[in-house]
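J.: Dropping a structure here in structure tokens format, bear with me for questions.
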Amino acid sequence: MAEHSVVFSFFLIFTGAAILASLALYTRQPLLIAYIVLGALFGPYGFKFISDTALLADMSHIGIIFLLFLLGLDMQPSHLIQMIKKATWVAVGSSVIFLVAGYLAALLFGYTQTESVIIGAAMMFSSTIIGIKLLPTTVLHHRHTGELVVGLLLLQDVIAIIVLLVLYSGQNETNGAMSLIMPLLALPLLILVGIVLVKYIILKLIHRFDRFHEYIFLLAIGWCLGMAEGAQYIGLSAEMGAFVAGVALATSPISQYIATNLRPLRDFFLILFFFSVGASFNLGLIGQIILPAALLAVLVVGLKPVIFRLLLKTIKEDNAMSWEVGFRLGQISEFSLLIAYIAASAAMIGQEASHVIQATAILTFLLSTYVVIFNFPSPIAVSDKLRRD
């Protein structure tokens, strides 16, 4: 089948998403399930209506970048630093536990040592998209639960960047240890540059031209994507750059105006992200991977709340909050998908092991979403009592 134009692909994606989302709402299901199912149906392994998903996957990445930028806009730097100091032990301890659990489970199903280590590494992280998207705005802005979730996700992002750097250095051994050290040195530089540019350029432009709303919108997008690209250039992730861009602006009164106006744009690209997750999955491998993926998914969804609850208790968090944070982080991450793609392209793992990680990600996205929307306040909760925007 000839490849359709981008416009026709968007027609298929968003019209199909609207139809399936309507069915999901009528049957009281989370909307992101509709987007993933649509991707599997329309993608190259389904009906092949959209056979080349590379462009859509790249575009969907913008949604994650905007998500982290908006998250940064809601974070006061002083609170953020305090929370990261407090939660470092929990993030590192939980990552080690999930690495070992995933490694042992993969060995049980006969995967090689290298494949088992990489599958274990993919289990370490929780999804920024799921974690933040299912947090009500009031909880994200003003509640300790939101601060804990965000702090842990950010620390996991740093660990994920280190893992990705190790994988990249495995592809290109000529750079050696410097390829790991340089990005860690670059992070303080990125933060410093972000603060200086906001103080002496961005805020002055906003104050000078704040009557022109279109200009503020344009400046915010340019600042976000510029910092994202700058972070990638010095070896960090685009998401990290976008978050730093948001935090640097967080102390300005204009930050909430920017956040409100960028949310629809973020949601547009996040629909593409979940569609691309479903579309990139090879349905023909289901028979080979369903058992290990199901075991890993149950292990993640069942074990993460328990481990987070135990570790959070060690830093004197109360019982109910510890359970809630654990359930909200009870899935693996979009970084896990990236680990699967990079490791497979570098021939570190086979296609079967890569698809085990992808299938586990999809299953945990779905299962943890169900757990949260049925039990905790969220914007897409099933009951009116729990629904909070």
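Each reported figure results from applying straightforward, stated rules to the coordinates on display, with no laboratory input. Quick caveat: nothing in here was measured; it's all calculated off a predicted structure. We place every Cβ from the backbone using ideal geometry, glycine too, and count neighbours over all the protein chains shown.
J.: Build a GNM of the chain with springs between Cα atoms under 10 Å: which of LEU295, LEU225, LEU70 gets the top mean-square fluctuation?
T.: So, out of LEU295, LEU225, LEU70, the one fluctuating most is LEU295.
J.: Still on this structure, please answer the following. Count neighbours as other Cβ atoms within 10 Å of each site's Cβ, and list the trypsin sites (Lys or Arg not before Pro) in region 358-389 that are DSSP loop with at most 15 such neighbours. Show your work: numbers first, answer last.
T.: Values: sites: LYS385, ARG387, ARG388; in loops: LYS385, ARG388.
Taking region 358-389 and a limit of 15 other Cβ atoms within 10 Å, the loop trypsin sites (Lys or Arg not before Pro) found are LYS385, ARG388.
J.: I would also like to ask the following. Where Lys and Arg each count +1 and Asp and Glu each count -1, what net charge lies around GLY284 among other residues with Cβ under 14 Å from its Cβ?
T.: Summing Lys and Arg as +1 and Asp and Glu as -1 gives 0.
J.: Taking Cα centroids, how far is region 286-305 from region 47-97 in Å?
T.: 23 Å
J.: For region 6-375, what does the convex hull of the Cα positions come to per residue, in cubic angstrom?
T.: Roughly 139 Å³ of hull volume per residue.
J.: If you place +1 on the Cβ of every Lys and Arg and -1 on the Cβ of every Asp and Glu, how big does the dipole about the Cα centre of the chain come out, in debye to the nearest 20?
T.: That gives a dipole near 980 debye.
J.: Residues of region 244-262 with the amide nitrogen closer than 13 Å to a label point 7 Å from the Cα of HIS207, along Cα-to-Cβ, please.
T.: 252-254
J.: Still on this structure, I have one more. Please compute the net charge surrounding GLY102, taking Lys and Arg as +1 and Asp and Glu as -1 over other residues with Cβ under 12 Å from its Cβ.
T.: 0
J.: Please list the non-local residues whose amide H lies under 5 Å from the amide H of SER51, H modeled 1.01 Å from N, same-chain partners needing a gap of 5 or more.
T.: Amide H neighbours of SER51, under 5 Å, 5+ apart: HIS4.
J.: Scan the chain and note any complete DSSP helix (H) whose C-alpha atoms cover at least 18 Å along its axis and whose Kyte-Doolittle average is 0.0 or more.
T.: 6-26, 54-73, 77-108, 144-171, 178-197, 213-233, 255-279, 286-314, 351-375
J.: Right, another one. Would you tally the net charge around CYS224, using a Cβ to Cβ cut-off of less than 15 Å, leaving CYS224 out, and scoring K and R as +1, D and E as -1?
T.: Summing Lys and Arg as +1 and Asp and Glu as -1 gives -1.
J.: In percent, what relative contact order does the chain have, based on Cα pairs under 8 Å that are 6 or more apart in sequence? Please list the in-between numbers first.
T.: Details: 568 pairs, mean separation 110.3, N = 389.
So the answer I get is 28 percent.
J.: Could you work out how much longer the chain between VAL193 and THR114 gets when fully extended? Use 0.36 nm per residue separation minus the Cα distance between them, nm to one decimal.
T.: The span from VAL193 to THR114 would gain 24.6 nm if fully extended.
J.: How large is the helix-only mean residue ellipticity at 222 nm for the chain, computed as the sum of -39500 (n - 2.57) over DSSP H runs with n ≥ 4, divided by its residue count, in deg cm²/dmol to the nearest 500?
T.: Calculated from helices alone, the mean residue ellipticity at 222 nm is -25500 deg cm²/dmol.
J.: Next question, about the same structure. Going by C-beta contacts inside 10 Å, put ASP384, ASP74, ASP210 in order with the fewest on the left.
T.: Values: ASP384 6, ASP74 20, ASP210 13.
With the fewest neighbours first, ASP384, ASP74, ASP210 line up as ASP384, ASP210, ASP74.
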